[in-house]
Amino acid sequence: MYEENVEYLEYLKRTYERIMDELDVGLHVVNKDGKTILYNKKMMEMEYMKSEDVLDKDLLEVFMFKKGQQSTLLRALEAGEETKNEKQTYFNNKGKEVTTVNNTFPIVEKNEIQGAVEIARDITKIERLVRENIKRKKESKFTFENIIGKSPAIQDVIESAKRATRTSSYVLIVGETGTGKELFAQGIHYESNRASRPFISQNCAALPDNLIESLLFGTKRGAFTGAADHAGLFQQAEGGTLLLDEINSLNIHLQAKLLRVLQEKKVKRIGDTKETSVDVRIIAHINEDPIDAIANKHLRKDLYYRLGVVTLFIPPLRERKEDISLLARHFILKYNKLFQMDVQNISEDVLQLFLSYEWPGNVRELEHVIEAAMNIMGDEEERIERYHLPMQYRTKWEAREEVEEKDPSFKMKAFQTLSLKDQMKSFERYCIVHALRENNFKISKTAHMLGLSRQSLQYRMKRLNIEKE
């Protein structure tokens with residue numbers, strides 16, 4: 001009988017531990033001496049600890065609290081105090097900051113406190129994101145003067161963006177990764193009458209759906225376990241501008257909620273019953289063709305029309321190669337200052353290599369190449385030469401030059417096969433221009449001929465810089 005009881009108790013213990021580790025909240029229990037007796041898997045993840053670092057140890061031996069603050073768990077143990085939805089920031093034994101929202105209560109038997117229990121939900125990431133947004137807002141202020149380029153392609157976009165500063169209409173900025181979309185967003189904000197109000201930027205692809213929803217709209221205390229009163233980005237950006245990067249990565253369900261906020265200019269926190277009016281200008285980024293995004297169900301059509309009151313198309317670097325030397329010079333000056341160097345320029349050989357390259361990573365890729373080259377230059381060297389460039393680029397260009405020497409017609413072949421996307425874009429432009437001429441530039445008639453909606457044809461004309469002749 002004794003062995004059966006022991007076996008059953010072991011079974012209960014294993015079951016109990018399994019249940020504890022499956023919980024989606026942190027669980028921390030201390031005995032009457034303040035030593036940890038239960039510490040589940042979720043709590044380990046939240047506090048970046050191992051069970052052996054915490055079990056059977058005094059709480060204050062493991063965790064540190066800010067001056068004047070006390071552990072909610074110790075308050076429950078020593079004073080019998082219960083806490084509900086209380087935010088607490090503290091540090092683990094490696095000095096890593098942790099922020100949780102806690103429900104804590106004492107364990108009382110025969111009118112004596114025998115221990116204490118803490119149920120915690122992690123909000124460290126939300127707190128960090130809020131601080132990073134505030135820090136970025138204070139440190140990064142760009143205007144149109146910070147946009148480098150004299151080419152007609154970039155100057156046309158700058159002029160369109162400057163006109164957008166006169167109103168508070170929503171703006172959609174379309175461009176490939178690395179083209180500098182945020183520079184335009186900040187330029188619009190800081191040259192508008194909202195410049196003295198907040199500019200807050202959030203990448204919609206960086207967070208899971210439940211977290212981005214809480215971050216955008218805010219939460220009300222008690223909405224879910226661990227929820228606290230927290231203003232969302234819409235309310236934090238009151239009177240200013242909220243930049244939503246990669247809007248096409250946002251869940252379709254959340255896009256519907258976002259559209260409602262944009263239409264009604266009111267936001268409702270998660271778990272709240274009342275709506276709050278907000279005065280926020282939205283600027284959104286998208287890194288793919290909006291028509292493709294709608295067709296692939298990455299973007300709601302109604303959200304696209306709502307956001308695209310003003311639409312800016314940022315040209316990729318391969319379409320404004322005359323700006324490469326200016327951009328290279330700009331990045332050299334930037335890293336001269338950072339690295340305490342005195343590099344003057346790039347060689348003619350390197351410039352020709354840059355001009356022959358398609359730059360799939362756009363301006364950001366060019367900056368990385370300049371930074372990498374300057375990292376390996378000697379203190380006395382004043383010009384970036386081919387041998388300073390990263391190996392993967394040198395290998396690629398040297399292989400191409402070798403083939404060109406053997407087959408002079410390779411340049412034309414390379415141009416024809418270098419980028420299917422560019423070939424398709426060129427052919428698309430040819431087809432649309434041809435159809436427009438056939439129909440005397442009548443939009444509706446041309447759209448019908450091409451099997452497109454009027455709006456789709458107008459969008460493509462704008463993207464491909466097609467104007468009436």
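The values are calculated or read from the model by the stated rules, or taken from the named source; none is laboratory data. Source: prediction; values computed, not measured. Using ideal geometry, Cβ is built from the backbone for each residue, glycine included, and neighbour counts are taken over all protein chains shown.
Scanning region 272-298 for residues that are over 21 Å from the mean Cα position of the chain (by Cα), surrounded by 17 or more Cβ atoms within 10 Å (Cβ to Cβ) and within 19 Å of Arg194 (Cα to Cα) yields a single hit, Val278. The residue that is farthest from Ile154 (Cα to Cα), counting only those in region 437-466 that are under 29 Å from the mean Cα position of the chain (by Cα) and assigned to a helix (DSSP H, G or I), is Ser456. Applying the criterion of being among the aromatic types (Phe, Trp, Tyr) and either at pLDDT below 90 or not in a loop (DSSP other than H, G, I, E, B) (or both) to the residues of region 323-381, the residue that is farthest from Glu145 (Cα to Cα) is Tyr357. Scanning region 368-389 for residues that are surrounded by 14 or more Cβ atoms within 10 Å (Cβ to Cβ) and in contact (Cβ under 8 Å) with a residue 40 or more places away in the chain yields Ile370, Glu371, Met374, Arg383, Ile384.
When residues in region 253-265 are screened for being free of Cβ contacts under 8 Å to residues at least 60 places away in the same chain, surrounded by fewer than 23 Cβ atoms within 10 Å (Cβ to Cβ) and in contact with a helix residue (DSSP H, G or I) (Cβ under 9 Å, 6 or more places away or on another chain), 8 of them pass.
Count of region 299-317 residues, restricted to those that are outside any loop (DSSP other than H, G, I, E, B) and crowded, with 17+ Cβ neighbours inside 10 Å, is 9. When region 428-441 is filtered for residues that are under 13 Å from Ile466 (Cα atoms) and touching a helix residue (DSSP H, G or I) at 6+ places or on another chain (Cβ under 8 Å), the ones remaining, listed by number, are Glu428, Cys431, Ile432, Ala435, Leu436. Selection of region 22-49 for residues being farther than 17 Å from Val117 by Cβ and either buried (at least 16 other Cβ atoms within 10 Å of the Cβ) or at pLDDT 90 or above (or both) yields only Met49. Flag not set for Thr167, criterion: surrounded by 15 or more Cβ atoms within 10 Å (Cβ to Cβ) and either in a loop (DSSP other than H, G, I, E, B) or on the phi > 0 side of the Ramachandran plot (or both).
Whenever a residue of region 143-169 is charged (D, E, K, R) and modelled with pLDDT of 95 or more, it has no partner that is loosely packed, with under 14 Cβ neighbours inside 10 Å and part of a helix (DSSP H, G or I) lying with C-beta atoms less than 8 angstrom away and at least six residues away or across chains.
Of the residues in region 17-28, at least one is closer than 16 Å to Asn93 by Cβ and assigned by TED's automatic domain parsing to the domain that holds Thr104.
Considering only region 392-415, I want to know if a residue exists there that is farther than 24 Å from Pro316 by Cβ, surrounded by 15 or more Cβ atoms within 10 Å (Cβ to Cβ) and at pLDDT 80 or above. Looking through region 392-415, none of the residues is farther than 24 Å from Pro316 by Cβ, surrounded by 15 or more Cβ atoms within 10 Å (Cβ to Cβ) and at pLDDT 80 or above. Could you count how many residues in region 66-82 are outside any loop (DSSP other than H, G, I, E, B), surrounded by fewer than 16 Cβ atoms within 10 Å (Cβ to Cβ) and not small (Gly, Ala, Ser)? Number of matching residues: 1.
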